[in-house]
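The values are calculated or read from the model by the stated rules, or taken from the named source; none is laboratory data. All values derive from a computational prediction rather than experimental measurement. In this analysis, Cβ positions are derived from the backbone assuming ideal geometry, glycine residues included, and neighbour counts consider all displayed protein chains.
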Amino acid sequence: MIETNEKLRRGAEEIYAEELEALTKGDARPRPENWRMSPQAVVTYVLGGKATDGTLISAKYVGNRRLIETAVATLATDRALLLLGLPGTAKSWVSEHLAAAISGSSQRMIQCTAGTDENQIRYGWNYALLLAKGPSREAMVKTPLTRAMEEGTILRLEELTRMGSDVQDTLITILSEKTLPVPELDTAIDARRGFNVIATANNRDKGVNDLSSALKRRFNVVVLPSPATLEEETGIVLKRVQEMGTNLSLPPIQPADKEMVRIVTLFRELREGKTLNGKTKLKTSSGSLSTAEAISVGVSAWASAAHFGDGVIDAESLASNLVGAVIKDPVQDTVALEEYLEAVVRTRDGWSDLYRAIREVL
C-alpha cells in the first residue's frame, strides 16, 4: 500500500485530518446516526472558523453560507443531494469535503461516464466463483454504492448526467426505498442509517443526459454559482494554486498575485463576452474557462517558472498555458483570442508583455 506522503493526490480526510479531529473532539452537539460530527461542525469545516479548542479551521469553500447549510441539512435527512452548477464551481470539491466531514472518508465514489453500466452502480459477480459455486454472497463484487449502504456512509456520484438515462434510473429504488434488491439471491441489501448520496452535475458541457423527472424528485438540488466578483474569484484561485503547488512539492517561487489577477480577468472577460467595464463586446470561447481551469493555469505556470524560468511567474510562463486553456476549438477559439488580444490586451496598461508573449505562442 502506498504511504500517505507518497500519494500524488491525498483525500480531504488525509490533508485536513487535524482539523477534522479537532472539530470531532470538541463537538458536543447532537449528530445524526453514523455521522462523525454534528451538522454545525460540518458547516464550520467547509466554510472555516474555529474548533472549541481554538484550532483554526481553514475555509474549503468561499461562497454563500446558506447554500452549504442547506446541503448539510439535506444530508441529515433521507433525501439525496444534487450539487448543480457550471463547470468549475467547486461541486466536486464541496462533495469531497462534505463526505470527509460526515463519514470520515470521501473514497466511496463513482465517476459517471457514458460507459458506466448498471453493474458498476449496483453490483457485479466474480465469474470464477459464480461458475464454481453458483450465485452467493461470496461471488458478489460490491461497488462503492453497496459498500456505502452497508457502512452507513456517504456515496459520491461525480458527473451524474454523463451517465446514460437508463443507468441513472437504477438509482430510483435505492433513493426511494433505501434498499437494493438482489434477485439472484432472493434477498436485498438494506442501507444503514447514515447512508446518503451526493451527486454532482452540470448542464453546459456536451454529452450530458437529462435526469428523468422521477429521479429529479429524489434529489434536493443546491445550485453552486460562479464567483460573483473578480476579487472573490482571484482569492479562490490564489488559495487553491498555493495549496496544489505545495501538495505537488513544486519549488518555491515569488508571490504571483498580479499574474493570478491577469489570469482571472482574461478568463472572466472571454467567458462573459465583454470587458469588466462593459465597454467592449467580445467573442466568447467555446470552453467554460472556469475557476478550476484558472487554477490549473496558475499551477502549470508555477511549474514552468520554477523549472524553466527564474522562479517568477511572468508573461512567458503564463502564455502557453493560457493559450492551451482558451483554445479548445482551433477555429472558433483562435478567432476569439485574436480579437481579444487586439481589442483589449494590446491597449491595456501593463499588459504589453502578455500581448507579446501570447503572440509568440499563437
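Structure notes:
- Filter result for LEU129 (over 29 Å from LEU215 (Cα atoms) and crowded, with 18+ Cβ neighbours inside 10 Å): no
- Test for LEU215: is it under 21 Å from ALA99 (Cα atoms) and buried (at least 17 other Cβ atoms within 10 Å of the Cβ): no
- Within segment 304-315, the presence of at least one residue that is in a helix (DSSP H, G or I), in contact with an Asp or Glu (Cβ under 6 Å, 6 or more places away or on another chain) and surrounded by fewer than 21 Cβ atoms within 10 Å (Cβ to Cβ) is confirmed.
- Residues that are surrounded by 15 or more Cβ atoms within 10 Å (Cβ to Cβ), touching a Gly at 6+ places or on another chain (Cβ under 8 Å) and farther than 18 Å from PRO225 by Cβ, drawn from segment 272-295: LEU282, LYS283, THR284
- Residues that are farther than 14 Å from LEU322 by Cβ and surrounded by 15 or more Cβ atoms within 10 Å (Cβ to Cβ) within segment 244-271 comprise MET244, GLY245, LEU250, ILE253, listed in sequence order.
- Residue check, LEU155 within 30 Å of MET37 (Cα to Cα) and part of a strand (DSSP E or B): yes
- Residue ID - farthest from ALA101 (Cα to Cα), chosen from residues in segment 18-29 that are surrounded by fewer than 19 Cβ atoms within 10 Å (Cβ to Cβ), touching a helix residue (DSSP H, G or I) at 6+ places or on another chain (Cβ under 9 Å) and at pLDDT 95 or above: ARG29
This table checks each residue for (1) within 30 Å of SER290 (Cα to Cα); (2) touching a residue at least 60 places away in the same chain (Cβ under 8 Å); (3) not in a helix (DSSP H, G or I).
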position	(1), (2), (3)
ILE102	yes, yes, no
ALA128	no, no, no
PRO135	no, no, yes
GLU150	no, no, no
ILE174	no, no, no
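- When every residue of segment 339-360 is checked against the conditions, none turns out to be in a helix (DSSP H, G or I), aliphatic (A, V, I, L, M), more than 27 Å from LYS91 (Cα to Cα) and within 29 Å of the chain's Cα centre (by Cα).
- Within segment 15-39, the set of residues being more than 22 Å from ARG192 (Cβ to Cβ) and part of a helix (DSSP H, G or I) comprises ILE15, ALA17, GLU18, GLU19, GLU21, ALA22, LEU23, LYS25.
- Of the candidates THR74, THR89, THR113, the single residue that is at pLDDT below 95 and either over 12 Å from the mean Cα position of the chain (by Cα) or of a type in the set (Asp, Glu) (or both) is THR113.
- The residue that is surrounded by the most Cβ atoms within 10 Å (Cβ to Cβ), among those in segment 40-90 that are in a strand (DSSP E or B) and not hydrophobic (A, V, I, L, M, F, W, C), is GLY49.
- Inside segment 305-330, residues that are without any contact (Cβ under 8 Å) to a residue 12 or more places away in the chain and among the polar types (S, T, N, Q) make up a count of 0.
- Subset tally (residues that are touching a strand residue (DSSP E or B) at 6+ places or on another chain (Cβ under 8 Å), farther than 23 Å from SER105 by Cβ and of a type in the set (Lys, Arg)) for segment 127-146: 0
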